[in-house]
Ligand SMILES: Nc1ncnc2c1ncn2[C@@H]1O[C@H](COP(=O)(O)OP(=O)(O)OP(=O)(O)O)[C@@H](O)[C@H]1O
Ligand SMILES: [Mg+2]
């Protein structure tokens with residue numbers, strides 16, 4: 001499979017390269033978002049592409065936008081990405097891009113956790129809480145929480161790490177009304193998605209949503225949704241509280257990186273070929289298990 005590490009589209013003005021996505025302006029009210037095959041771990045972009053990963057992420061997001069459209073409006077316009085670039089650039093956008101409404105990003109990320117893992121597990125062991133939310137005593141690693149919890153994070157500038165903030169801090173930053181709306185919508189999205197995923201034998205342990213406002217101040221779901229980059233996906237059949245479960249997401253790469261003596265700052269260490277291959281296999285397995293369909297070319 002061909003890979004795309006970085007786009008070079010000259011028919012549209014470049015807005016910027018994110019860690020994973022390249023954004024271009026389409027007129028003054030839309031953007032072309034191309035999901036590349038770059039992989040970021042611990043907020044550092046690896047040097048090697050994971051072939052096809054961008055297509056997997058884009059098609060997963062599309063799948064969820066469709067499934068969750070009744071809960072909140074989203075950024076999709078329905079305009080075909082192929083129609084806004086030059087003919088020789090079509091190959092770069094095929095299967096891995098969307099033309100989205102250009103929104104004003106809300107600078108708080110909406111993290112929802114249904115299970116206790118990762119930084120949440122560390123926080124709980126130290127404080128008995130996650131991001132200041134008190135939890136029952138005696139929870140084990142990877143245990144299901146009594147109810148999903150909302151733990152906002154301040155969106156970092158490029159090269160910085162996102163920072164967990166309290167709900168009160170979120171209210172101060174964006175206003176109480178919008179904060180409450182974001183929390184309620186994020187929890188509803190998570191619950192609906194988790195219920196569906198369960199029918200496919202997948203646990204969504206946690207996830208992160210991003211929202212933006214249109215010119216009328218209407219809140220939209222944007223960016224990527226419930227992908228293997230923004231979520232932890234666990235196979236339900238090997239789930240067991242007390243151990244960190246195997247997963248269909250980039251935990252595999254993180255685990256590899258943890259075996260190195262690397263300070264988790266750029267430059268990234270080289271990824272061996274077998275790590276790239278296994279990571280690719282995880283992403284492909286994730287989309288097939290989730291949607292029941294193979295990746296579209
Ligand atoms: N509809 C939209 N309107 C405006 N900005 C958007 C929209 N959808 C997504 N974005 C923004 O585009 C960027 C996508 O790039 P990408 O995800 O690669 O960047 P990143 O956020 O730096 O990386 P990471 O996701 O690892 O934190 C993000 O900053 C995201 O908030
Ligand atoms: Mg992003």
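The values are calculated or read from the model by the stated rules, or taken from the named source; none is laboratory data. Fair warning: this is a prediction, and the values are worked out from it, not measured in the lab. Backbone-built Cβ (ideal geometry, glycine too); neighbour counts: all protein chains shown.
Structural remarks
- Selection count, the range 262-297, where residues are part of a helix (DSSP H, G or I) and at positive phi: 0
- Residue count for the range 2-35, restricted to those that are more than 14 Å from ligand 2 (Cβ to nearest atom), modelled with pLDDT of 95 or more and in a loop (DSSP other than H, G, I, E, B): 14
- For residue 55: the one exception among (1) more than 24 Å from residue 104 (Cα to Cα); (2) assigned to a loop (DSSP other than H, G, I, E, B): (2)
- Breaking point among (1) within 16 Å of ligand 2 (Cβ to nearest atom); (2) in a strand (DSSP E or B); (3) farther than 20 Å from residue 203 by Cα, for residue 156: (2)
- In a residue-by-residue description of the range 75-91, the property of being part of a strand (DSSP E or B) and farther than 16 Å from residue 223 by Cα applies to no position.
- Scope the range 146-167; condition in contact with a helix residue (DSSP H, G or I) (Cβ under 9 Å, 6 or more places away or on another chain) and over 24 Å from residue 41 (Cβ atoms); matching residues: 147, 148, 149, 150, 167
- Screening residue 175 on (1) surrounded by 18 or more Cβ atoms within 10 Å (Cβ to Cβ); (2) away from ligand 1 (no atom under 16 Å from the Cβ); (3) modelled with pLDDT of 95 or more; (4) over 26 Å from residue 237 (Cβ atoms) shows it passes everything except condition (1).
Here's the yes/no breakdown for (1) near ligand 1 (Cβ under 10 Å from one of its atoms); (2) surrounded by fewer than 20 Cβ atoms within 10 Å (Cβ to Cβ); (3) outside the structural domain of residue 81 (by the TED database); (4) farther than 27 Å from residue 196 by Cβ:
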residue: 25; (1), (2), (3), (4): no, yes, no, yes
residue: 31; (1), (2), (3), (4): yes, no, no, yes
residue: 35; (1), (2), (3), (4): yes, no, no, no
residue: 38; (1), (2), (3), (4): yes, no, no, yes
residue: 53; (1), (2), (3), (4): no, no, no, no
residue: 60; (1), (2), (3), (4): no, no, no, no
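- A single member of 68, 103 is within 15 Å of ligand 1 (Cβ to nearest atom) and closer than 27 Å to residue 156 by Cα, and it is 103.
- Of all the numbered requirements in (1) free of Cβ contacts under 8 Å to residues at least 60 places away in the same chain; (2) surrounded by fewer than 21 Cβ atoms within 10 Å (Cβ to Cβ); (3) in contact with a helix residue (DSSP H, G or I) (Cβ under 7 Å, 6 or more places away or on another chain), residue 81 misses one, and that requirement is (2).
- Identity of the residue in the range 36-90, modelled with pLDDT under 95 and at positive phi, that ends up nearest to ligand 2 (Cβ to nearest atom): 43
- In the range 182-237, the residues that are crowded, with 17+ Cβ neighbours inside 10 Å and at positive phi: 223, 226
- Residue check, residue 228 within 16 Å of ligand 2 (Cβ to nearest atom) and in contact (Cβ under 8 Å) with a residue 12 or more places away in the chain: yes
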